[in-house]
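The values are calculated or read from the model by the stated rules, or taken from the named source; none is laboratory data. A quick note: this is a predicted structure, and the numbers were derived from the prediction, not measured. Surface areas here come from the heavy atoms of the whole protein model, side chains and all, with no ligands, DNA or RNA. Shrake-Rupley method; radii C 1.70, N 1.55, O 1.52, S 1.80 Å.
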Amino acid sequence: MNTLKFKTNINCGGCLSKVTPFLNEEKNIKKWDVNLESDDRILTVETSDLTEEEVKKTVQKAGFNAEATN
């Protein structure tokens, strides 16, 4: 299982509700969470199959940006 982290512009509960269906629909995401308390609004994704680019595209489909962190 890989844990991927992304800086996002998901910054409130309303934003979270918009991105939730897209992340929940992706069958290769086992678990995900957005830390709205963090300045960088860190999205943490647990997956065994997806690349950073694939997660980024899933978030972009919902209308948000995601930038991989190191």
Relative contact order %, the chain, counting alpha carbon pairs below 8 Å whose residues are six or more apart: 47 percent
Accessible area of the chain divided out per residue, in Å², using a probe of 1.4 angstrom: 63 Å²
³J(HN,Hα), Karplus 6.51/-1.76/1.60, whole Hz, each residue of the range 39-49, x for Gly, Pro: 4, 8, 6, 5, 9, 10, 10, 9, 8, 9, 10
Value of [θ]222 nm, deg cm²/dmol, for the chain, DSSP H segments ≥ 4, -39500 (n - 2.57) each, nearest 500: -10000 deg cm²/dmol
Nearest 10 degrees, 0 to 90: helix 13-25 Cα axis against the chain principal axis: 10 degrees
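Looking at the chain, I'd like the Rg to Rh ratio, where Rg is from alpha-carbon atoms and Rh is Kirkwood's inverse mean 1/r.
Numbers: Rg = 10.7 Å, Rh = 11.7 Å.
Ratio value, two decimals: 0.91.
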